[in-house]
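Notes to accompany the following structure.
Only the coordinates and a few stated rules stand behind these numbers; no lab work does. Source: prediction; values computed, not measured. In this analysis, Cβ positions are derived from the backbone assuming ideal geometry, glycine residues included, and neighbour counts consider all displayed protein chains.
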Amino acid sequence: MSYALLSSEGFQFLLRWIHFFAGVIWIGLLYYFNFVQGAFFKETTPEVKTKCTERLVPRALWWFRWGAMMTFLSGWLIITYKGHLAGMEIYATSWGIMILTGAVMGTIMWFNVWFVIWPAQKCVIAAAQGQSVPNAAERGARSAVASRTNVFLSIPMLFFMGAASHLPIEVTAMSFWPLILTWAVILGLIELNALKGKTGPLTSVSGVIASGFVLTGILYFLMECLV
């Protein structure tokens, strides 16, 4: 008797299952921080905000950052394993172009979680616990920009992840370089703003959601034109 989960297809399914599970935790908490907690902190008293930062935020951030890590690792395992089975040419197909587009955005978001948001939030938590952290406010502001950027990127990321299997595009004589260079410029500028800039139109919840949908449309249109 054979078991489906013990096959190569079963292994790929388990990776996807883990990827979905971890992704729900990660993106769910990302939206919680930006759509719920941020607004609550603006309206509540300083005492309540301090207590939440001491007790609630560290717990949420633990699940947040490890959800991001598991999503990142399982996602790239899925992509590389499929390439191992089907050959490198699969990355030049509609599936490959779409999934790699989403994966690059997801990787930028993972980087922001582990190397921008989490280090900054450790300073904010330490300050709330009474420790002397001179740059806590500045680090908190940078964390907010990076977090808003992740919400901004999550909308096209989810679009392209879903489109990989459910919205095929026609690929004819595609040259990777125009697409790679265009994506590098656009995503590089977005990440540069996350590291050095301000929230701008991403400041409000409605603004970041609208901007995410606009970015999705622009990237999809450019992809259709470039491939």
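By the combined test of axial Cα extent (at least 18 Å) and Kyte-Doolittle hydropathy (mean at least 1.0), the qualifying DSSP H helices of the chain come to 8-31, 94-112, 176-196, 205-226.
When Trp62, Trp118, Trp177 are arranged by Cβ crowding within 10 Å, least crowded first, meaning fewest neighbours, the order is Trp177, Trp62, Trp118.
What do you get when you divide the Cα radius of gyration of the range 4-226 by 2.2 N^0.38 Å, with N the number of residues?
Numbers: Rg = 19.0 Å, N = 223, 2.2 N^0.38 = 17.2 Å.
Against the empirical 2.2 N^0.38 Å value, I get 1.11 for the range 4-226.
Express in whole angstrom the spacing between the alpha-carbon centres of the range 119-169 and the range 44-83. Here the two parts' Cα centres lie 10 Å apart. Ranking Ala164, Val151, Phe13 by Cα position along the charge dipole of the chain, where only Lys, Arg, Asp and Glu carry charges on their C-beta atoms, puts Val151 farthest toward the positive end.
Based solely on its DSSP helices, what 222 nm [θ] is calculated for the chain when runs of n ≥ 4 H residues each add -39,500 (n - 2.57) and the sum is averaged over all residues, nearest 500 deg cm²/dmol? All intermediate terms of the calculation are to be shown ahead of the outcome.
Details: 8 runs with 175 residues, N = 227.
Helix contribution divided over all residues of the chain: -27000 deg cm²/dmol.
To the nearest 20 debye, what charge dipole does the chain have about its Cα centre, counting +1 at the Cβ of each Lys and Arg and -1 at the Cβ of each Asp and Glu?
Working: 14 positive and 9 negative charges, 163 e Å.
For the chain, the charge dipole is close to 780 debye.
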